[in-house]
1. Between residue 18 and residue 128, what FRET efficiency comes out of the Förster formula 1/(1 + (r/R0)^6) with R0 = 35 Å and r the beta carbon distance, rounded to 0.05?
2. Of 65, 92, 26, which has the largest mean-square fluctuation in a 10 Å C-alpha GNM of the chain?
3. Compute the Cα gyration tensor for the range 15-70, then decide on rounded, prolate or oblate, letting a ≥ b ≥ c be the square roots of its eigenvalues: rounded whenever a/c is under 1.5, prolate when a/b is larger than b/c in the other cases, and oblate in all that remain.
4. Compute the acute angle (0 to 90°) between the alpha-carbon long axis of helix 104-113 and the principal axis of greatest extent of the alpha-carbon atoms of the chain; round to the nearest 10°.
5. Counting residues in the chain as N, plug N into 2.2 N^0.38 Å and put the Cα Rg over that result.
6. Would you kindly state how much longer the chain becomes between residue 29 and residue 82 on full extension, computed as 0.36 nm times their sequence separation minus their alpha carbon distance, in nm to one decimal?
7. Just rank 45, 1, fewest to most, by other beta-carbon atoms within 10 angstrom.
8. Per 0.36 nm of contour for each residue apart, how much would the distance between residue 92 and residue 41 grow if the chain were fully extended, relative to their Cα-Cα spacing?
């Protein structure tokens, strides 16, 4: 599993339960809150509260949330719109990403080594020759 720690901004939602139930991240993801993946003080947040969080995601599994390492509420802004939240998010410092100085080829090679063999076995044998077909569903499929 390859982990990536990133900063995200989201809005807490309660739904029909008495504890935080869902988070709507500014990036567009909507995730059910699993309480054991969050710091205990999450329960203090009210529905509609915007937060800034440091999250850990599994980049080999579609960015699945592993856990929230820390979070803090964003000072309330009356009727905070998505655009206001986006402006705040853009004002945050750039993340300090591990391996950011490595060439992309080395990063991809490291990640490829973490894919289990059964994952590679699922790829079509003609993938290299027909990449456009598989990526863009083009009709120019070569039989090899």
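No value in this document is a laboratory result; all are computed from the given coordinates. Model, not experiment: these values are computed from the prediction. So basically every Cβ, Gly included, is an ideal-geometry build from the backbone, and we count neighbours across all protein chains shown.
1. My answer for the efficiency is 0.05.
2. 92
3. Because a/c hits 1.5 or more and a/b exceeds b/c, the range 15-70 counts as prolate.
4. Tilt of helix 104-113: around 90 degrees.
5. 1.36
6. 17.7 nm
7. With the sparsest Cβ surroundings first, the list reads 1, 45.
8. 16.1 nm
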